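Undergrad: Just passing along the structure, written as structure tokens.
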Amino acid sequence: MPYTTLISVAQLQSLQASATPAVVFDCSCDLMQPEKGPAQYAESHIAGALYAHLDNNLSAKGDPAITGAQSGGRHPLPSRETFAQWLGSVGLKNTDQVVVYDRQGANYCGRLWWMLKWLGHANVAVLDGGFQAWQAAGGAVASGEEPARAPSTFAVSDALVVLRSSDHVLAHLGKPTQHVLDARGAPRFRGEVEPIDPVAGHIPGALNRVFSNNLGADGFFKPAAVLRAEFEALLGQRQPEDVVHHCGSGVSAVPNILAMEIAGLQGSALFAGSWSEWCNRPGFPVAQG
């Protein structure tokens, strides 16, 4: 069976022992210490896992006119074609089941989960509990680099997720068909602190749900029924397809999208440029409190 949202350690172990094992990506990262994620991977990772670097592989670097970046902000989305080329270069095929994980509460691996859906690849799942759960279960680990896989051609298909631009969010601000959900911590949302961006605050009218609220104290995603009740309490009568998620740079917003999918609330969108793009656009409104 294909896995499209979450996969458990036991399910992944079973899959890896089958005739068609999953392709696993380690997305471990530390925004403040960029060298830490690759070091964690090199020290220990799920045996056979490839490494996906947030800055180098999952973001566009350089002049947007040259890179074809599909969003602004600190972690601009690369063009779909550029991303597909990287996937092919590491040997991923359109028929592969993909599993992604990190060590940071699904904060970073969700980016790759969403981007694969953006390319039309349905069969990608987040390892519930992350690397910690894999280690606790005695899963096979390795260190250093993995052998290179034979390159392939990864074809781009119709997107399975919705991407929104800053201009679209601005044009629909305050309308009943758009509801912005901010995944940043409450002090940043309220504008009390801002450790990274030049302006503190949030998009006017936005609601706040910190991405880490989707996990229980054990580090696993909360049950679907619990997630659904929490999102319905926050959103009220708002429809899932009218929700636009954002955060600081379009990364930690994705766990909220994934959690809504787990809860059966499909169709919400990602504003990938997020606050780091919004607060740098002249004339874009800012709220605090």
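The values are calculated or read from the model by the stated rules, or taken from the named source; none is laboratory data. Bear in mind that the values here come from a model prediction, so they are computed numbers and not experimental data. Virtual Cβ from ideal backbone geometry, glycine too; neighbours counted across all protein chains shown.
Undergrad: Would you pick out the residues in region 1-60 that are surrounded by fewer than 21 Cβ atoms within 10 Å (Cβ to Cβ), of a type in the set (Asp, Glu) and in contact (Cβ under 8 Å) with a residue 12 or more places away in the chain?
TA: If the condition is that a residue be surrounded by fewer than 21 Cβ atoms within 10 Å (Cβ to Cβ), of a type in the set (Asp, Glu) and in contact (Cβ under 8 Å) with a residue 12 or more places away in the chain, then 30, 43, 55 are the ones that fit.
Undergrad: Shifting gears a bit: Can you tell me which residue among 95, 153 is in the same structural domain as residue 44 (by TED's automatic domain parsing), out of contact with any strand residue (DSSP E or B) (no Cβ under 8 Å at 6 or more places or on another chain), loosely packed, with under 14 Cβ neighbours inside 10 Å and not in a helix (DSSP H, G or I)?
TA: 95
Undergrad: When you scan region 107-115, do you find a residue that is out of contact with any strand residue (DSSP E or B) (no Cβ under 8 Å at 6 or more places or on another chain), surrounded by fewer than 20 Cβ atoms within 10 Å (Cβ to Cβ) and not assigned by TED's automatic domain parsing to the domain that holds residue 269, even just one?
TA: No, that holds for no residue.
Undergrad: Please verify whether residue 203 is touching a Gly at 6+ places or on another chain (Cβ under 7 Å), of a type in the set (Val, Ile, Thr) and assigned by TED's automatic domain parsing to the domain that holds residue 263, treating the condition exactly as stated.
TA: On the way: touching a Gly at 6+ places or on another chain (Cβ under 7 Å): no; of a type in the set (Val, Ile, Thr): yes; assigned by TED's automatic domain parsing to the domain that holds residue 263: yes.
It is false that residue 203 is touching a Gly at 6+ places or on another chain (Cβ under 7 Å), of a type in the set (Val, Ile, Thr) and assigned by TED's automatic domain parsing to the domain that holds residue 263.
Undergrad: Are any residues in region 83-118 in contact with a helix residue (DSSP H, G or I) (Cβ under 7 Å, 6 or more places away or on another chain) and closer than 18 Å to residue 273 by Cα, and if so, which ones?
TA: Answer for region 83-118, where residues must be in contact with a helix residue (DSSP H, G or I) (Cβ under 7 Å, 6 or more places away or on another chain) and closer than 18 Å to residue 273 by Cα: 83, 107, 110, 111, 113, 114, 115, 118.
Undergrad: Here's a follow-up. Exactly one of these conditions fails for residue 243: (1) closer than 29 Å to residue 131 by Cα; (2) within 17 Å of the chain's Cα centre (by Cα); (3) not acidic (Asp, Glu). Give me its number.
TA: (1)
Undergrad: Moving to a separate point now. Checking residue 267 against (1) on the phi > 0 side of the Ramachandran plot; (2) of a type outside the set (A, V, I, L, M); (3) buried (at least 23 other Cβ atoms within 10 Å of the Cβ), which test does it fail?
TA: (3)
Undergrad: Still on this structure, please answer the following. Can you tell me which residue within region 61-84, out of those that are touching a strand residue (DSSP E or B) at 6+ places or on another chain (Cβ under 8 Å) and surrounded by 20 or more Cβ atoms within 10 Å (Cβ to Cβ), is modelled with the highest pLDDT? Spell out the reasoning first.
TA: Step one: list which residues in region 61-84 are touching a strand residue (DSSP E or B) at 6+ places or on another chain (Cβ under 8 Å), which gives 70-71, 77.
The next check asks that each one be surrounded by 20 or more Cβ atoms within 10 Å (Cβ to Cβ); those that pass are 71, 77.
On the way: 71: 95, 77: 98.
Step by step, filter region 61-84, then rank; the result is 77.
Undergrad: Now for a separate question. Looking at (1) surrounded by 16 or more Cβ atoms within 10 Å (Cβ to Cβ); (2) at pLDDT 95 or above, which one does residue 204 not meet, given that it meets all the others?
TA: (1)
Undergrad: So, of the residues in region 103-120 that are aliphatic (A, V, I, L, M) and under 16 Å from residue 53 (Cβ atoms), which turns out to be nearest to the chain's Cα centre (by Cα)?
TA: Out of the qualifying residues, it is 112.
Undergrad: Would region 248-258 turn up any residue that is of a type outside the set (Phe, Trp, Tyr) and surrounded by fewer than 16 Cβ atoms within 10 Å (Cβ to Cβ)?
TA: no
Undergrad: Among all residue pairs at least 6 apart or on different chains, which show Cβ distances below 6 Å where the first residue, located in region 103-123, is within 16 Å of residue 154 (Cα to Cα) and the second is basic (Lys, Arg) and assigned to a helix (DSSP H, G or I)?
TA: 119/80
Undergrad: Right, next: May I ask you to list the residues in region 118-150 that are outside any loop (DSSP other than H, G, I, E, B) and on the phi > 0 side of the Ramachandran plot?
TA: Matches in region 118-150: 130 only.
Undergrad: What are the pairs, 6+ residues apart or on separate chains, where a residue within region 183-198 that is outside the structural domain of residue 273 (by TED's automatic domain parsing) has its Cβ under 8 Å from a residue that is surrounded by 12 or more Cβ atoms within 10 Å (Cβ to Cβ)?
TA: none
Undergrad: Condition first: part of a helix (DSSP H, G or I) and exposed (fewer than 14 other Cβ atoms within 10 Å of the Cβ). Now tell me which residues in region 169-181 satisfy that.
TA: 171
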